[in-house]
Amino acid sequence: MSAADATGIPGREPSPPWSSRDVQFDHYGGQRLPFGCTGASGIIQHFVELSGSDAGRAFDVLDASGGYGSACLGAGSEVIAAALSDGVRNAGYVTDEIASSERSLLLERLFAPGGLFADRFPAADYRVSGRNSGSEGMELALRLVLESRFDHRRLRAAPGTGERDVVLAFEGAWHGWTGGLLPLMNRRHYRIGLPAIAPEPFGFRTDHIPFGDLDAAREWFDRNGERVLAVVVEPVQGDAGILVPEPGYLRELAALAKDSGALLVADEVLTFAKTGQFFGMTDESGPIPTDITVIGKSLGMGALSTSMVIARRELGARPTGTVSTSDLRPLTCAVIRAGLDHIVSEGLVERSGKLGAELGRLLHEQVVAKFPDLYVEARGVGVMHGVELTDLAAARIGKLRTSMIRNGVYVEFMSGAGRRSRGLRYVNATMRVAPPLVATADDIETIVARLAAGSHALLQETP
């Protein structure tokens, strides 16, 4: 591919190889962004205009999204490049039927005594499985929940579990869009017209309550008690608009689940390594206990799509019922181990907590306060922040995003929690500002300045 092909010619439509616009499935209903990417370095993405009078114009943007929250080390990490190269040459590709030295090194590093996650998930109490994506990880978590009430030999409900047929989820939650996960979402747009979970005797129903409302949770458990099979929760609601619960909420929710005999499933696919801690299920008292935790996105270091399901040892499934081609393949393990070791040695998670506090302050002062016609509030923790849009901005969300990009910053927009029960206010679409862990203090300042410039530019446009 020549440079001319990559950037196009000013004033003309770019020539091939931008065939991805014709051949790749359009997931966005014809609303894909009119830009191409010709490369990246660190958190800088090299973009080019694909249409209009500026077609072919090359420019750089700062990435404040981390590639749907997955590229925690940005682009071009030498550590990950070396791990990929060494892994391809030396690690092999055996499945989990055969023990792998690379897999063993990773799991020992994480779960053996003194391991990175051992204080939360000691190997004596937990086991681990790998999957291709966060959605697949959540599917396995749901499978483990359902099989916990099933007698595999007699093909019937296990003694004492027959009445457990209710799963508690939360308004605005997002756990993936695979078929088995649809019941966990209360979003009609994604569910209508698609199959539901099979009816009784082995189905379940999902109830949804507002996230972060302790009174709602207490009342719900008082009503449902012994019928509760599981609680599925994000420590910070991502797609709902980066909703952070009040201190103490998650720990009491865990206690309610335990007292009722329900399993607690933590969806940490998005929050992993982004909240100033590796795990969002943490408070001032330390780790909040869970029965199943799913981590992903940052786990693949922006180079691989992968996830881990960490579950109590007593949870399992019928033989071969959870076999996966991608279950902790050696190459994946090599990348994860190298990336996590680098994150720890550089103190990137701890640093992100401090940078995140500054990011939150700057977003409030330089974006929300200065553009009240566009933004309602800023909220977040660590490097996960959301700036909620006003009705005016939500109606122009496409133009707002292109304005941000043309002013040099790449952000994503979340759906928002929408209409919630118990009199809680409607939560609009929200701009997610979640830069990679490698972002510096200077990067944070520049990102916010460019968000302000993009906001100003939008207001100058004719509606």
Inset, instruction - Taking the options 221, 272, 202, 211, name whichever one is surrounded by fewer than 24 Cβ atoms within 10 Å (Cβ to Cβ), not in a helix (DSSP H, G or I) and not small (Gly, Ala, Ser). - result: 202
Inset, instruction - Scan 162, 137 and give me the residue that is under 25 Å from residue 279 (Cα atoms) and not polar (S, T, N, Q). - result: 137
Inset, instruction - Tell me which of these residue 337 doesn't satisfy, since it passes every other one: (1) among the basic types (Lys, Arg); (2) touching a residue at least 40 places away in the same chain (Cβ under 8 Å); (3) not assigned by TED's automatic domain parsing to the domain that holds residue 304. - result: (3)
Inset, instruction - Take segment 31-67 and flag every residue that is under 24 Å from the mean Cα position of the chain (by Cα), loosely packed, with under 13 Cβ neighbours inside 10 Å and not in a strand (DSSP E or B). - result: 31
Legend entry - Lone qualifier among 260, 298 - being hydroxyl-bearing (Ser, Thr, Tyr) and either within 12 Å of the chain's Cα centre (by Cα) or outside the structural domain of residue 140 (by TED's automatic domain parsing) (or both): 298
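Condition check ((1) in contact with an Asp or Glu (Cβ under 8 Å, 6 or more places away or on another chain); (2) farther than 19 Å from residue 422 by Cα) across all residues:
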{"residue": "163", "(1), (2)": "yes, yes"}
{"residue": "168", "(1), (2)": "yes, no"}
{"residue": "172", "(1), (2)": "yes, no"}
{"residue": "182", "(1), (2)": "no, yes"}
{"residue": "202", "(1), (2)": "no, yes"}
{"residue": "208", "(1), (2)": "yes, no"}
{"residue": "222", "(1), (2)": "no, no"}
Inset, instruction - Report yes if residue 182 is on the phi < 0 side of the Ramachandran plot, assigned by TED's automatic domain parsing to the domain that holds residue 135 and touching a residue at least 24 places away in the same chain (Cβ under 8 Å), otherwise no. - result: no
Legend entry - Among (1) within 17 Å of residue 447 (Cβ to Cβ); (2) not in a loop (DSSP other than H, G, I, E, B) - the single one residue 388 does not satisfy: (1)
Legend entry - Any pair with Cβ under 8 angstrom, 6 or more apart, that starts in segment 261-278 at a residue that is among the hydroxyl-bearing types (Ser, Thr, Tyr) and ends at one that is at pLDDT 95 or above and assigned to a strand (DSSP E or B): 271/384; 275/282; 275/381; 275/384
Inset, instruction - Have a look at 213, 207, 222 and point out the one that is free of Cβ contacts under 8 Å to residues at least 24 places away in the same chain and of a type outside the set (Gly, Ala, Ser). - result: 222
Legend entry - Scope segment 94-123; condition out of contact with any Leu (no Cβ under 7 Å at 6 or more places or on another chain), part of a loop (DSSP other than H, G, I, E, B) and touching a residue at least 40 places away in the same chain (Cβ under 8 Å); matching residues: 94, 95, 100, 119, 120, 121
Inset, instruction - Could you please let me know if residue 311 is more than 25 Å from residue 438 (Cβ to Cβ), touching a helix residue (DSSP H, G or I) at 6+ places or on another chain (Cβ under 8 Å), among the small types (Gly, Ala, Ser) and not assigned by TED's automatic domain parsing to the domain that holds residue 456? - result: yes
Legend entry - Residues of segment 66-93 that turn out to be within 30 Å of residue 385 (Cβ to Cβ), touching a residue at least 60 places away in the same chain (Cβ under 8 Å) and of a type in the set (Gly, Ala, Ser), as a count: 9
Legend entry - Residue match in segment 310-323 (condition: within 30 Å of residue 261 (Cα to Cα), buried (at least 19 other Cβ atoms within 10 Å of the Cβ) and among the aliphatic types (A, V, I, L, M)): yes
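Going by the structure shown, is residue 389 surrounded by 14 or more Cβ atoms within 10 Å (Cβ to Cβ), in the same structural domain as residue 129 (by TED's automatic domain parsing) and without any contact (Cβ under 8 Å) to a residue 60 or more places away in the chain? Can you show your working first?
Values: surrounded by 14 or more Cβ atoms within 10 Å (Cβ to Cβ): yes; in the same structural domain as residue 129 (by TED's automatic domain parsing): no; without any contact (Cβ under 8 Å) to a residue 60 or more places away in the chain: yes.
No; evaluated as a whole, the condition is false for this residue.
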Legend entry - Only listed residue being part of a loop (DSSP other than H, G, I, E, B) and of a type in the set (A, V, I, L, M), chosen from 376, 448, 438, 367: 438
Inset, instruction - Filter segment 314-345 down to the residues that are over 20 Å from residue 303 (Cα atoms) and among the β-branched types (Val, Ile, Thr), then identify the one that is farthest from the chain's Cα centre (by Cα). - result: 320
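The values are calculated or read from the model by the stated rules, or taken from the named source; none is laboratory data. What you see is a predicted model, and the numbers here were worked out from it, not measured in a lab. When we count neighbours, we look across all protein chains shown, and the Cβ atoms used for this are built from the backbone with ideal geometry, even at glycine.
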